[in-house]
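Any read-out appearing in this document is the output of simple, stated calculations on the displayed coordinates, not a laboratory observation. Note that this is a predicted model, so its numbers are computed, not measured. In this analysis, Cβ positions are derived from the backbone assuming ideal geometry, glycine residues included, and neighbour counts consider all displayed protein chains.
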Amino acid sequence: MTESLIYINGNLVPESEAKISVLDHGFLYGDGVFEGIRAYKGVVFKLREHIERLYDSAKFLKIEIPMSKEELIEAILETIRKNGLMDCYIRVVVTRGVGDLGLDPRKCGKPSIIIIVKPMGPLLGKKAVSLIISSVRRDGVDATNHQAKSLNYLNSILAKLEAISAGADDAIMLDNRGFVSEATGENVFIVKNGKIMTPPPTSGVLLGITRNCIIELARKLGYEVMERELTPFELITADEVFLTGTAAEIVPVESVNGRKIGTRVPGPITERLIKEFEKLKGDPSQGIKI
Ligand code: PXG
């Protein structure tokens with residue numbers, strides 16, 4: 001198998017040579033931001049939205065990305081072209097850069113920019129998943145919150161470890177008040193009596209691009225969609241539950257804490273949304289052509 005080419009600070013290098021310094025604060029402190037993006041049939045899905053979020057995350061961390069948005073878009077497209085891919089997963093990472101020991105970000109030089117592109121199937125890889133409600137709370141909006149897509153994922157990793165120990169596929173995390181927040185790397189939606197609901201930003205969720213896409217799509221199809229706080233009771237007693245994310249796509253949930261969700265999985269509304277979402281893949285109006 002030929003090695004993939006990885007973009008590091010302006011150069012495309014084979015994977016085995018794609019290395020960054022151990023003194024990069026992205027490695028030492030998780031001090032950086034990232035995006036996970038997908039290309040379908042030669043179109044990078046919602047690329048502009050991902051770029052906007054990346055720059056917002058960087059702004060929150062006071063990292064100045066040393067490239068314009070247009071230049072970064074071109075670097076991403078060129079990396080995909082050079083790898084000869086039409087359908088792939090794209091990871092863009094921006095770190096604080098190479099510094100010294102000690103947190104002080106002023107010791108760091110220029111931010112490092114890395115673009116990895118790989119073929120990748122749906123992350124959770126399954127038709128329906130089982131969830132637990134984790135004892136690990138989602139960081140509050142006044143902490144290392146997940147509105148900024150930072151490299152610090154320990155909050156989610158602790159919950160994922162708990163899910164694995166319990167024999168579940170993934171975990172739902174509650175916010176620091178006990179309301180449903182999101183899964184470890186996906187947003188969560190419930191359906192009750194034909195209405196679609198998903199937790200609001202105040203529950204510490206990442207404003208997922210797939211989440212936005214599903215909200216828009218569902219409204220276009222005539223469903224009522226509400227962003228509101230959800231209790232664990234509402235989650236467990238929902239007619240349908242599904243997760244959304246770039247890596248995982250749209251994943252029906254079959255159980256939460258050992259309680260079966262609804263009467264059939266996927267439920268009818270989840271099934272319809274999956275079908276409609278499939279139609280958007282590769283649609284040039286949904287992204288930027290490679
Ligand atoms: N919540 C969290 C905490 C996430 O990390 C989402 C929701 C869904 O957002 P999008 O914009 O993708 O709809 C995410 C995104 C990975 C990986 O490699 C994780 C995500 C995205 C891409 C890759 O684990 N999570």
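Here are a few things to note about the model shown:
- Shape of the range 20-64, Cα gyration tensor, a/c cut at 1.5: oblate
- Between Val141 and Tyr29, the FRET efficiency estimated from the beta carbon spacing at R0 = 25 angstrom works out to 0.75.
- Of the GluC sites (Glu not before Pro) found in the range 158-251, those that fall in a DSSP loop while having at most 13 other beta-carbon atoms within 10 Å are Glu224.
- Sites Ala148 and Asn193, calculated FRET efficiency, Cβ-Cβ separation with R0 35 Å, nearest 0.05: 0.50
- At R0 = 25 Å, FRET efficiency that the Cβ-Cβ distance of Ile20 and Glu52 yields, to 0.05: 0.50
- In degrees, nearest ten, helix 209-220 long axis to first principal axis of the chain (Cα): 40 degrees
- The range 10-169 shape via C-alpha gyration tensor axes, a/c threshold 1.5: oblate
- Across the range 1-131, the relative contact order, built from alpha-carbon pairs under 8 Å that are at least six residues apart, equals 33 percent.
- Dipole magnitude (debye, nearest 20) for the range 5-118, charges at Cβ of Lys, Arg, Asp, Glu: 180 debye
- Point-to-point label distance, Lys107-Lys59, nm (Cα→Cβ direction, 7 Å offset): 3.0 nm
- If a spin label sat at a point 7 angstrom from the Cα of Met67 along the line to its beta carbon, the backbone N atoms of the range 98-142 nearer than 13 Å would be those of 111-117.
- Between the helical axis of 69-82 and the longest alpha-carbon principal axis of the chain there is an angle of about 90 degrees.
- Pairwise label distance in nanometres, Ser165 with Lys127, each label 7 Å out on the Cα-Cβ vector: 3.2 nm
- Global geometry of the range 208-256, whether rounded, prolate or oblate, following the gyration tensor of its Cα atoms and the 1.5 cut on a/c: oblate
- When the chain is treated as a GNM with alpha-carbon contacts under 10 Å, the residue of Asp142, Asp24, Asp239 showing the greatest mean-square fluctuation is Asp142.
- On Cα atoms only, tilt of 268-280 relative to the major axis of the chain in degrees: 30 degrees
- Linear extension gain, Lys279 paired with Met86, 0.36 nm per residue minus alpha-carbon span: 67.8 nm
- Stretch gain in nm, segment Leu158-Glu271, where the contour uses 0.36 nm per residue and the Cα spacing is subtracted: 37.6 nm
- Positive-end extreme of charge dipole, the range 129-281 - chosen from Asn187, Leu206, Val265 (charges on Cβ): Val265
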